[in-house]
Amino acid sequence: MSVDGEFVDYARVAAPRLRRTAYLLCQDWHLAQDLTQTALAKLFVHWGRIHRRDSPDAYARKVLLRVFLDHQRRSSSHEVVVDRVADGPAPGGQPELRLTLIEALSRIPARDRAILVLRYWEDQSIDTVADLLGVSVPTVKSQSARGLSRLRSLLGADDEALLALRD
């Protein structure tokens with residue numbers, strides 16, 4: 001199979017997962033699709049060397065996070081945040097609780113939100129999150145604690161309820 005064919009196969013499998021992660025970061029399905037497409041385009045440019053790595057998923061996640069954070073930096077000065085309902089249905093389980101969590105996540109700063117999504121929704125290790133975001137392990141630990149504290153105050157929820165939302 002050609003390198004381009006391998007990328008197409010990879011993108012077909014990875015795109016839904018990347019789009020879900022992007023949605024959790026930005027709370028907008030249309031923007032999540034744009035972020036996913038931008039990340040996949042950047043991945044394609046370097047696919048010749050990426051697909052030989054142990055984990056193209058980790059690289060894809062890192063690219064998606066950088067695309068999201070770049071978008072936040074560029075658009076933060078001229079976007080107005082308004083209350084809105086999520087564009088798509090929550091995955092099975094407890095839809096009301098998921099929507100409440102997603103809405104609460106939107107009230108947390110972008111970097112803290114990225115750390116919480118990666119650590120607790122994507123179940124990534126502290127070291128992996130630090131590497132993906134280009135920050136130190138202590139920074140991930142402190143921002144995780146601060147972000148969880150903010151979520152708890154916004155939700156009035158305990159750890160069990162937050163962890164139950166991942167599945």
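The values are calculated or read from the model by the stated rules, or taken from the named source; none is laboratory data. Remember, predicted model here, so these are calculated numbers, not experimental data. Using ideal geometry, Cβ is built from the backbone for each residue, glycine included, and neighbour counts are taken over all protein chains shown. Surface areas here come from the heavy atoms of the whole protein model, side chains and all, with no ligands, DNA or RNA. Shrake-Rupley method; radii C 1.70, N 1.55, O 1.52, S 1.80 Å.
Assess whether ARG49 counts as being more than 19 Å from TRP121 (Cβ to Cβ) and open to solvent by 10 Å² or more (accessible area, probe 1.4 Å).
Spelling it out, ARG49 is indeed more than 19 Å from TRP121 (Cβ to Cβ) and open to solvent by 10 Å² or more (accessible area, probe 1.4 Å).
Give me a count of the residues in the stretch 116-131 that are out of contact with any Gly (no Cβ under 6 Å at 6 or more places or on another chain) and either in a helix (DSSP H, G or I) or β-branched (Val, Ile, Thr) (or both).
Looking only at that region, the number is 11.
Kindly list the number of the only condition in (1) at pLDDT 80 or above; (2) open to solvent by 100 Å² or more (accessible area, probe 1.4 Å); (3) over 22 Å from ALA15 (Cα atoms); (4) not β-branched (Val, Ile, Thr) that fails for GLU96.
(1)
Would you please name the residue that is most open to solvent (accessible area, probe 1.4 Å), looking only at residues in the stretch 8-40 that are under 20 Å from LEU99 (Cβ atoms) and in contact with a Ser or Thr (Cβ under 7 Å, 6 or more places away or on another chain)?
Among those residues, the one meeting the criterion is ARG19.
Scan the stretch 1-15 and report the pairs whose first residue is in contact (Cβ under 8 Å) with a residue 24 or more places away in the chain and whose second residue is among the hydrophobic types (A, V, I, L, M, F, W, C) and open to solvent by less than 70 Å² (accessible area, probe 1.4 Å), with Cβ atoms within less than 6 Å and a gap of 6+ or a chain change.
PHE7/TRP47; ALA11/LEU40; ALA14/ALA60
Condition check ((1) over 15 Å from GLN27 (Cα atoms); (2) modelled with pLDDT of 80 or more; (3) open to solvent by 50 Å² or more (accessible area, probe 1.4 Å)) across all residues:
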site: PHE68; (1), (2), (3): no, yes, no
site: GLU79; (1), (2), (3): no, no, yes
site: ILE108; (1), (2), (3): no, yes, no
site: GLN124; (1), (2), (3): yes, yes, no
site: ASP131; (1), (2), (3): yes, yes, yes
site: SER136; (1), (2), (3): yes, yes, yes
site: ALA145; (1), (2), (3): yes, yes, yes
site: LEU151; (1), (2), (3): yes, yes, no
site: ASP158; (1), (2), (3): yes, no, yes
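Tell me the residue from TYR23, TYR59, TYR10 that is assigned to a helix (DSSP H, G or I), at pLDDT 90 or above and more than 21 Å from LEU155 (Cα to Cα), please.
TYR10
Can you tell me how many residues within the stretch 132-159 are more than 21 Å from ALA104 (Cα to Cα) and assigned to a helix (DSSP H, G or I)?
Selection size over the stretch 132-159: 5.
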